[in-house]
Amino acid sequence: DAGVIQSPRHEVTEMGQEVTLRCKPISGHDYLFWYRQTMMRGLELLIYFNNNVPIDDSGMPEDRFSAKMPNASFSTLKIQPSEPRDSAVYFCASSLSDNGYTFGSGTRLTVV
Amino acid sequence: AQSVTQLGSHVSVSEGALVLLRCNYSSSVPPYLFWYVQYPNQGLQLLLKYTTGATLVKGINGFEAEFKKSETSFHLTKPSAHMSDAAEYFCAVSAGGSNYKLTFGKGTLLTVNP
């Protein structure tokens, strides 16, 4: 298996633009998680899905953030409009029940 | 609710020396505990986990951790540090059972000196 695949690896965008981050989980995993990592706040859980259904989105910072999982092999995290304070590394992770997460390599987002 | 405190944001050891990274947790239910490692510009990789059973858990790369309920601790150790161990290490906790949401500590950056 190729692991959790995230795209793009790097994204630089201007303030106010829409940003879409993509994630392909490991086949057969039933949980998918979106985390954000910054120096100030560390790793923050944004949202997670179980069998494509959002379970907890209490970590989504604002209405500017939205996430979808239309099928078991794909998820997106969208920021619209983006702001400089959204600059961070965004990680997607998947897991099969309680076997621990497998993380993707992350998307480094810079909003200028 | 669960929380994790990692004592020491930066630990420096000499090559061949003992590695000890400290983690204390808070949980209202029996916890599941994890250690992850992150190398520069990469995602997090699972080192080891404790769910139930034996309290001494062995992981990859020679690391191990011991769950001590009385001390609410899950410290990570390795007898002899290698240069390749230099990375950031994260302790994490979940409520276990059907709750797979992980709460991470702030991380400890391990430096290994030659």
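Each residue in region B:96-114 was checked for being in a loop (DSSP other than H, G, I, E, B), of a type outside the set (S, T, N, Q) and either within 12 Å of chain A (Cβ to nearest Cβ) or within 15 Å of the chain's Cα centre (by Cα) (or both), and 7 pass.
For the subset of region B:15-67 comprising residues that are under 17 Å from B:Y100 (Cβ atoms) and assigned to a loop (DSSP other than H, G, I, E, B), which member is nearest to the other protein chains (Cβ to nearest Cβ)? Among residues in region B:15-67 that are under 17 Å from B:Y100 (Cβ atoms) and assigned to a loop (DSSP other than H, G, I, E, B), the one nearest to the other protein chains (Cβ to nearest Cβ) is B:T51. Cβ separations smaller than 6 Å between residues 6+ apart or across chains give the following pairs from region A:8-21 residues that are under 18 Å from A:G106 (Cα atoms) to residues that are of a type in the set (F, W, Y): A:L21/A:Y90. Return yes when A:D30 is at pLDDT below 95 and farther than 28 Å from B:Y39 by Cβ and no when it is not. So A:D30 fails the test.
In this structure, is B:V93 part of a strand (DSSP E or B), within 14 Å of chain A (Cβ to nearest Cβ) and among the hydrophobic types (A, V, I, L, M, F, W, C)? In short, yes.
The values are calculated or read from the model by the stated rules, or taken from the named source; none is laboratory data. This one's a predicted model, so the numbers in the text were calculated from it and none came from an experiment. Because the Cβ atoms are built from the backbone with ideal geometry, glycine has one as well, and the counts that use them run over all protein chains shown.
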